[in-house]
Amino acid sequence: MNQRISRRDFIAHAGGAIVTISLPGIFVQLMDQENLALAGERRPDGRPRLPPGQQGVKKIIDMGGVEGTAGESDWKLQLHGEVEKPTTLNLNEMLELSQVSVTCDVHCVTGWTLLDSEWSGVRLTTIMELVEIKASARFVTFEAAAGYTSNIPLSEARKQNVILAHRFFGRKLPRPHGAPVRALVPDRYFYKSAKWLEGIRFTARDEPGYWERLGYSNSADPWKEERMQ
Ligand SMILES: Nc1nc2c(c(=O)[nH]1)N[C@H]1C(S)=C(S)[C@@H](COP(=O)(O)O)O[C@H]1N2
Ligand SMILES: [Mo]
């Protein structure tokens, strides 16, 4: 999704994209037995693997956005806001922190879901301990290249599957998907997972992010189908 387009254009654009990617072989649907079986499963919390109104895909779809300009050597992550120890991390410092792998499903608000995607990186909780967030911190704003932002409450940020990802299926994260580092918030629509991450700001008040201000749901729960406000 291009960030410079208006909401109405976006809806038209998204509609067009769905038509385009619905062509057989491009929008690869969950037609084989294995993926159909996965889609029919339930999560440990009892909810269905495939949220309502979602269609499985076999490969992640490149949704675009304005790419960051930082490479691995000059990338920096600014950690600030309601924290005791404002910190800036470079990629090496990030890689020295405790690393985890997450296998999860990701759900794009335009209707596609990628089941069993594999990501690695650093838990957001590890970052929260590092900077010692203040008691006043209640929300997190991810700050990405070109002014893209997204926001989640601290209750979501504390989940074990919320990470800052720099690897995807065992390899370096591809550039179109947010390299060097992106946010990953699997249990919310994918617009919460900011690519080309440049900063994390802890806030006392909720600050709606880029798509949230344009009318997309702030809570973005795929199982409640919270797509628009
Ligand atoms: N910086 C940035 N992050 C972003 C976006 C963006 O435009 N810019 N788009 C969001 C949206 S709407 C989606 S669906 C996912 C898409 O990620 P993907 O391109 O890796 O599939 O990234 C999210 N993160
Ligand atoms: Mo999206």
*Can you name every residue in region 46-94 that is touching a strand residue (DSSP E or B) at 6+ places or on another chain (Cβ under 7 Å) and closer than 30 Å to N35 by Cβ?*
P48, R49, L50, P51, Q54, Q55, G56, V57, I60, I61
*Go over the candidates E84, E72 one by one and state the one that is in contact (Cβ under 8 Å) with a residue 60 or more places away in the chain and not polar (S, T, N, Q).*
E72
*Quick check: is even one residue across region 196-205 away from ligand 2 (no atom under 13 Å from the Cβ), acidic (D, E) and either assigned to a strand (DSSP E or B) or touching a Leu at 6+ places or on another chain (Cβ under 6 Å) (or both)?*
yes
*Residue check, K85 against (1) surrounded by 17 or more Cβ atoms within 10 Å (Cβ to Cβ); (2) away from ligand 2 (no atom under 14 Å from the Cβ), all met but one. Which one?*
(1)
*Give the residues of region 105-149 that are within 14 Å of ligand 1 (Cβ to nearest atom) and touching a Phe, Trp or Tyr at 6+ places or on another chain (Cβ under 7 Å), sorted by residue number.*
V106, H107, C108, V109, E118, W119, A144, A145, Y148, T149
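Let's see how each residue does on (1) of a type outside the set (A, V, I, L, M); (2) closer than 22 Å to W211 by Cβ; (3) part of a strand (DSSP E or B):
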residue: E67; (1), (2), (3): yes, yes, no
residue: E72; (1), (2), (3): yes, no, no
residue: Q78; (1), (2), (3): yes, yes, yes
residue: L89; (1), (2), (3): no, no, yes
residue: T103; (1), (2), (3): yes, no, yes
residue: W119; (1), (2), (3): yes, yes, yes
residue: T125; (1), (2), (3): yes, no, no
residue: S150; (1), (2), (3): yes, yes, yes
*asked:* Checking Q229 against (1) away from ligand 2 (no atom under 16 Å from the Cβ); (2) at pLDDT below 95, only one condition comes out false. Which one?
replied: (1)
*In region 45-76, residue surrounded by the most Cβ atoms within 10 Å (Cβ to Cβ) [restricted to those that are in contact with a helix residue (DSSP H, G or I) (Cβ under 6 Å, 6 or more places away or on another chain) and acidic (D, E)]*: E72
*Could you give every pair whose Cβ atoms fall below 8 Å, whose first residue belongs to region 186-205 and is of a type in the set (S, T, N, Q), and whose second residue is more than 15 Å from ligand 2 (Cβ to nearest atom) and in a loop (DSSP other than H, G, I, E, B), counting only separations of at least 6 or pairs across chains?*
T203/E82; T203/A137; T203/R138
*Please enumerate the residues belonging to region 32-69 that are among the charged types (D, E, K, R) and either closer than 26 Å to Y148 by Cα or within 16 Å of ligand 1 (Cβ to nearest atom) (or both).*
K58, K59, D62, E67
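This table checks each residue for (1) surrounded by fewer than 23 Cβ atoms within 10 Å (Cβ to Cβ); (2) touching a helix residue (DSSP H, G or I) at 6+ places or on another chain (Cβ under 8 Å).
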residue	(1), (2)
M128	yes, yes
K134	yes, no
F139	yes, yes
S193	no, no
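The values are calculated or read from the model by the stated rules, or taken from the named source; none is laboratory data. Everything quoted here is computed from the prediction, not taken from an experiment. Ideal geometry is used to build each Cβ from the backbone, glycine not excepted, and the neighbour counts take in all protein chains shown.
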